[in-house]
Amino acid sequence: MSGTSKYHLPAGASADGRYDVHVTPESAGWGHTGLRVLTLAPGEAHALSTGDCEFLVLPLAGSCTVTTDGGTFELEGRSGVFASVTDFAYLPRESEAVISSASGGRFALPCARTGQGGHSARYGRREDVPVELRGAGACSRQVNNYCLPGTFDAEQLLVCEVLTPGGNWSSYPPHKHDEARTDADGSPVESHLEEIYYFEVSGDGSGFGYQRVYGTPERPIDVLAEVRSGDTVLIPHGWHGPSIAAPGYDLYYLNVMAGPGQDRAWLICDDPAHGWVRATWDSQDVDDRLPFGESR
């Protein structure tokens, strides 16, 4: 099995029962991070048991009602991932929920295994989701920061979306977060986090992009995948990026991260061969196609 075929899961490759995508810590071969994508027909409902994981219910397209023992949350959702940010629901470990949709839709269920459950089920407002424009020029992209330190509390789960206009590069310069490291003063400079990328591409289904992941001699990994809507890429370690949107096709990906660290943090380090690129953004404008839709 090549590195690409092991870590690149084309649309349908991880489908399981009710889920279009079903990645568990066990199926990924790691310890913490998972993702399910659920499609509901109009009037359909799905029962979810969270077990030892915390979850988000994040609409990709459509609206839904999430009913739990901690309350009922009406998610307005959105028409699609390029239209706007969305509201969402948080579900703690060892809880039961029913996700129902009167009009139907598609819903991401990112999750993280956690050894404790200090948070209750709750609603995340669309208006409270920070929308960030990163980079400049051909490296311009939009980041919707749903569930990160400082934006929404959770035990281990980290979730954001990245939207890249056609022809642009994101997740660049390449970076990694695969070991817990500190600097000479003992301050943390890198987190140990597993990561899942789930992709969608604008247009009629013929669009595509590319995802690169590469490692070190000590920890090799080698992925160069052509990605299309519904594809997933697993990143257990190594440098990841760029994510490249083909001209004419905007690229979306959902990032799901979790790890073993007691402190929930997202700390990255750039590949030193390419980190200099950041300095070039000072003399460039942010792509005027951003932000997408009604995001702000």
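Whether a residue is in a loop (DSSP other than H, G, I, E, B) and open to solvent by 40 Å² or more (accessible area, probe 1.4 Å) was assessed, and Gly115 passes this test. Put simply, of Thr33, Thr68 the only residue that is of a type in the set (Val, Ile, Thr), over 24 Å from Gln211 (Cβ atoms) and buried (at least 22 other Cβ atoms within 10 Å of the Cβ) is Thr68. Of Leu56, Leu9, all but one fail to be buried (at least 20 other Cβ atoms within 10 Å of the Cβ) and under 15 Å from Arg106 (Cβ atoms); the exception is Leu56.
Quick grid of which residues meet (1) open to solvent by 10 Å² or more (accessible area, probe 1.4 Å); (2) modelled with pLDDT of 95 or more; (3) out of contact with any strand residue (DSSP E or B) (no Cβ under 8 Å at 6 or more places or on another chain):
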position	(1), (2), (3)
Tyr123	yes, yes, no
Ala138	yes, yes, no
Asn144	no, yes, no
Ala154	yes, yes, no
Pro165	no, yes, no
Trp169	yes, yes, no
Lys176	yes, yes, no
Thr182	yes, no, no
Ile196	no, yes, no
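In the stretch 233-264, the residue that is surrounded by the fewest Cβ atoms within 10 Å (Cβ to Cβ) out of those that are more than 15 Å from Thr33 (Cβ to Cβ) and modelled with pLDDT under 95 is Gln262.
Among the candidates Val227, Val286, the residue that is open to solvent by less than 80 Å² (accessible area, probe 1.4 Å) and closer than 19 Å to His175 by Cβ is uniquely Val227.
If you filter the stretch 94-112 down to residues that are crowded, with 21+ Cβ neighbours inside 10 Å and over 17 Å from the mean Cα position of the chain (by Cα), you find that the one that is farthest from Leu35 (Cα to Cα) is Ser101. Residues in the stretch 199-211 that are open to solvent by less than 70 Å² (accessible area, probe 1.4 Å) and under 22 Å from Pro173 (Cβ atoms): Phe199, Gly209, Gln211.
The values are calculated or read from the model by the stated rules, or taken from the named source; none is laboratory data. Only a predicted model underlies this, so the values are computations on that prediction, with no experimental measurement involved. Methodologically, a virtual Cβ is constructed for each residue, glycine included, from the backbone with ideal geometry; neighbour enumeration extends over all protein chains shown. Accessible surface is based on the protein model in full, side chains and every heavy atom, while ligands, DNA and RNA are left aside. Shrake-Rupley method; radii C 1.70, N 1.55, O 1.52, S 1.80 Å.
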